[in-house]
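J.: Right, I'll just put the structure down here and ask away after.
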Amino acid sequence: MTSPGTVSAVVYSRDEADLLRDCLPRLAGFDEVLVCDMGSRDDTTAVAAEHGARVVPVPDAPVVEQVRQLGLDAASSDWVLFVDADEHLPAGFREALQPVLDGPDDVAGVRLRYDNVAFGRLLEHSLRGSAKFALLRRGRAHYAEPALAHVPPVLDGRGVDAPDAVPAIAHLNFRSIGQTTEKILRYAANNPGRFTRLDDPVALLRELLRSTVYSGVWRDGRAGFAVAALHTFGHLYGSLLEDERTGRLTQDVPRRRTRLLGLAEGLQRTAVGVRDGVRGGRRGTR
């Protein structure tokens, strides 16, 4: 009989001691817990020690994918579970993983499910289906160079989705407007070429309507709308950075778009003229 598969939980932190206080107690039962410290100036290392985690210093990086490989190399178990400091594993998660860890030898990575929480509200409609390869068989996965934001690892074997018996992980990734904006812009700046063009008014308006209205994110209230609007803002930011790199900022809006925009401008001016005329007529009859 073979021994059961072991798993290390690897957490990254940059000045996130407060988040670690909630995250690390939920990792009890893992064969080892590592906290990869990205040059923190707060109590990250002390909080890690309080919870029995081994601290691994790693370079600071704008996106965590750039230092994922260091945590993968530092772990000693058969498998590595990457956990962000703002993620909360549900009760019984470690036990639910065991059948996966003991599964077929040709599986190199497992894609886990996530429930997103925005500003204290669970998003039930926005960002549905969130998942990522966060459980990797050590020695059978690596991160290619250059590592880009949200780009999955390279697997030497099969990648599979976690079975339904493995519950979703709560991800508190939208905690405040300031924190969300900073993160979205940082990731947009460090993943060049990822975004389709939003560098003219027509494209921006179409994307804003698609992401905030037609997608139905408003069903999650103002929290869902805020997340969608900020993601569109990040999308625009990434597009404009690409324009700056390629020198496109000095170019005119394409002719086919200027005709449409001119028509819209004319209609708006006509509507304003009619409105002002009606208001003037009402004032004259008083």
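The values are calculated or read from the model by the stated rules, or taken from the named source; none is laboratory data. None of these values were measured; they are calculated from a predicted model. Heads up, the Cβs are rebuilt from the backbone with ideal geometry, glycines too, and the neighbour counts pull from every protein chain shown. Surface areas here come from the heavy atoms of the whole protein model, side chains and all, with no ligands, DNA or RNA. Shrake-Rupley method; radii C 1.70, N 1.55, O 1.52, S 1.80 Å.
J.: Scan region 8-28 residue by residue and report those that are open to solvent by 50 Å² or more (accessible area, probe 1.4 Å), modelled with pLDDT under 95 and not in a loop (DSSP other than H, G, I, E, B).
T.: None; the set is empty.
J.: Can you run down the residue pairs with Cβ atoms below 8 Å, 6 or more apart or on separate chains, where the first is in region 213-228 and free of Cβ contacts under 8 Å to residues at least 40 places away in the same chain and the partner is open to solvent by less than 70 Å² (accessible area, probe 1.4 Å) and assigned to a helix (DSSP H, G or I)?
T.: Listed by first residue and then by second, the contacts come to TRP218/THR212; TRP218/GLY224; PHE225/THR212; PHE225/VAL217.
J.: Out of region 138-191, which residues are under 23 Å from LEU123 (Cα atoms), among the small types (Gly, Ala, Ser) and without any contact (Cβ under 8 Å) to a residue 60 or more places away in the chain?
T.: SER176, GLY178, ALA188
Each row is one residue, and each column tells you yes or no for (1) open to solvent by 50 Å² or more (accessible area, probe 1.4 Å); (2) not aromatic (Phe, Trp, Tyr).
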{"residue": "ASP42", "(1), (2)": "yes, yes"}
{"residue": "PRO57", "(1), (2)": "yes, yes"}
{"residue": "ASP60", "(1), (2)": "yes, yes"}
{"residue": "VAL67", "(1), (2)": "no, yes"}
{"residue": "ALA75", "(1), (2)": "no, yes"}
{"residue": "LEU81", "(1), (2)": "no, yes"}
{"residue": "PHE93", "(1), (2)": "no, no"}
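J.: Give the residues of region 123-181 that are charged (D, E, K, R) and under 12 Å from the mean Cα position of the chain (by Cα), sorted by residue number.
T.: The one that is charged (D, E, K, R) and under 12 Å from the mean Cα position of the chain (by Cα): LYS132.
J.: If you don't mind, there's one more thing I want to ask. So in region 96-107, with the set limited to residues that are farther than 14 Å from PHE82 by Cβ and either assigned to a helix (DSSP H, G or I) or of a type in the set (A, V, I, L, M, F, W, C) (or both), which one is most open to solvent (accessible area, probe 1.4 Å)?
T.: PRO99
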